[in-house]
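Participant: This is the structure I have questions about; it appears just below.
The values are calculated or read from the model by the stated rules, or taken from the named source; none is laboratory data. What you see is a predicted model; the values in this text were computed from it and never measured. Because the Cβ atoms are built from the backbone with ideal geometry, glycine has one as well, and the counts that use them run over all protein chains shown.
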Amino acid sequence: MMKEMNNINCSDLRKKISLKGIKILIIDDDSELSNSIKFYFDDQYASVYCASNGQKGLNLFYEINPDIVLLDLNLPVIGGTAVIKEINRKSPDLPIIVISGTAIVQEAVTSLKAGAWDFISKPITNLEELELCVLKSLDRVANMKNDKRYKESLEKNIEELTEEFYRKIEQLFNK
């Protein structure tokens, strides 16, 4: 991931994507980290919501319909992997970035298999790395939406052309 991050920088993505009004849900029992992340993204005019355990996080998820979720795996009440699965069941195109610190390789694999989009290890020493992950994920969502609109437009055009084709065939044979 670090190689990929070096090829893309935050300032380029900031020009393309605004965080203003983006709803970010942080689910982490480390209140110091959650507050640091919240203040960082608040400064960029994002709407940031925090939950201290998996159940509260899922409740907020259903309440606010976030644009992105930042999630610790080691959570009280409901664990992070279960949270990922529930969010993916309800909103499969919602980006989830896991922020975790123990058994990093195994947790990264587990979270990605469960449906997370990206993984950052704790401690986060540079919040710009997290911002880059968030911007890349939001860019991916925008590209997915554009692709879907384009596909729907093509399907509509094909349907209209097919109907026109059959009308012309019918006109030829009815002459």
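Participant: Mind listing just one residue for me: the one in segment 116-143 that is of a type in the set (A, V, I, L, M, F, W, C) and either closer than 13 Å to residue 73 by Cβ or at pLDDT below 85 (or both) and, of those, surrounded by the most Cβ atoms within 10 Å (Cβ to Cβ)?
Facilitator: Of segment 116-143, the ones of a type in the set (A, V, I, L, M, F, W, C) are 116-117, 119-120, 124, 127, 130, 132-135, 138, 141-142.
Filter again for either closer than 13 Å to residue 73 by Cβ or at pLDDT below 85 (or both), leaving 116, 119-120, 142.
Values: 116: 25, 119: 21, 120: 20, 142: 12.
So, considering only residues that are of a type in the set (A, V, I, L, M, F, W, C) and either closer than 13 Å to residue 73 by Cβ or at pLDDT below 85 (or both), the one surrounded by the most Cβ atoms within 10 Å (Cβ to Cβ) is 116.
Participant: Out of 65, 53, report the one residue that is loosely packed, with under 15 Cβ neighbours inside 10 Å and at pLDDT 95 or above. Give the steps one after another, and end with the answer.
Facilitator: Working: 53 fails: loosely packed, with under 15 Cβ neighbours inside 10 Å.
Answer to the selection: 65.
Participant: If residue 33 meets every condition in (1) out of contact with any Lys or Arg (no Cβ under 6 Å at 6 or more places or on another chain); (2) under 19 Å from residue 138 (Cβ atoms) apart from one, which number is that one?
Facilitator: (2)
Participant: I've got another one for you. Quick check: is even one residue across segment 9-17 touching a helix residue (DSSP H, G or I) at 6+ places or on another chain (Cβ under 7 Å) and modelled with pLDDT of 90 or more?
Facilitator: There is no residue in segment 9-17 that is touching a helix residue (DSSP H, G or I) at 6+ places or on another chain (Cβ under 7 Å) and modelled with pLDDT of 90 or more.
Participant: Which is surrounded by fewer than 16 Cβ atoms within 10 Å (Cβ to Cβ), under 19 Å from the mean Cα position of the chain (by Cα) and assigned to a helix (DSSP H, G or I), of 113, 156, 168, 151? Step through it out loud before you land on a result.
Facilitator: Working: 156 fails: under 19 Å from the mean Cα position of the chain (by Cα); 168 fails: under 19 Å from the mean Cα position of the chain (by Cα); 151 fails: under 19 Å from the mean Cα position of the chain (by Cα).
Among 113, 156, 168, 151, only 113 is surrounded by fewer than 16 Cβ atoms within 10 Å (Cβ to Cβ), under 19 Å from the mean Cα position of the chain (by Cα) and assigned to a helix (DSSP H, G or I).
Participant: Something else about it: Restricting the search to segment 68-107, which residues are farther than 18 Å from residue 30 by Cα and modelled with pLDDT under 90?
Facilitator: Correct list: 105, 106.
Participant: Can you tell me which residue among 57, 80 is over 25 Å from residue 21 (Cβ atoms) and either out of contact with any Phe, Trp or Tyr (no Cβ under 7 Å at 6 or more places or on another chain) or among the small types (Gly, Ala, Ser) (or both)?
Facilitator: 80
Participant: Let me ask you something else. Within segment 71-110, can you find the residues that are polar (S, T, N, Q), part of a helix (DSSP H, G or I) and more than 20 Å from residue 136 (Cα to Cα)?
Facilitator: Applying the first criterion (polar (S, T, N, Q)) to segment 71-110 yields 74, 81, 88, 91, 100, 102, 106, 110.
This time we only want the ones that are part of a helix (DSSP H, G or I), so: 81, 88, 106, 110.
Correct list: 81, 106, 110.
Participant: Here's a follow-up. Just the residues that are closer than 17 Å to residue 16 by Cα, hydrophobic (A, V, I, L, M, F, W, C) and out of contact with any helix residue (DSSP H, G or I) (no Cβ under 9 Å at 6 or more places or on another chain), please, taken from segment 138-168.
Facilitator: Those that are closer than 17 Å to residue 16 by Cα, hydrophobic (A, V, I, L, M, F, W, C) and out of contact with any helix residue (DSSP H, G or I) (no Cβ under 9 Å at 6 or more places or on another chain): 141, 144.
Participant: Now for a different question. In segment 20-50, how many residues are under 22 Å from residue 104 (Cβ atoms), assigned to a loop (DSSP other than H, G, I, E, B) and at pLDDT below 95?
Facilitator: Residues that pass the stated criteria total 2.
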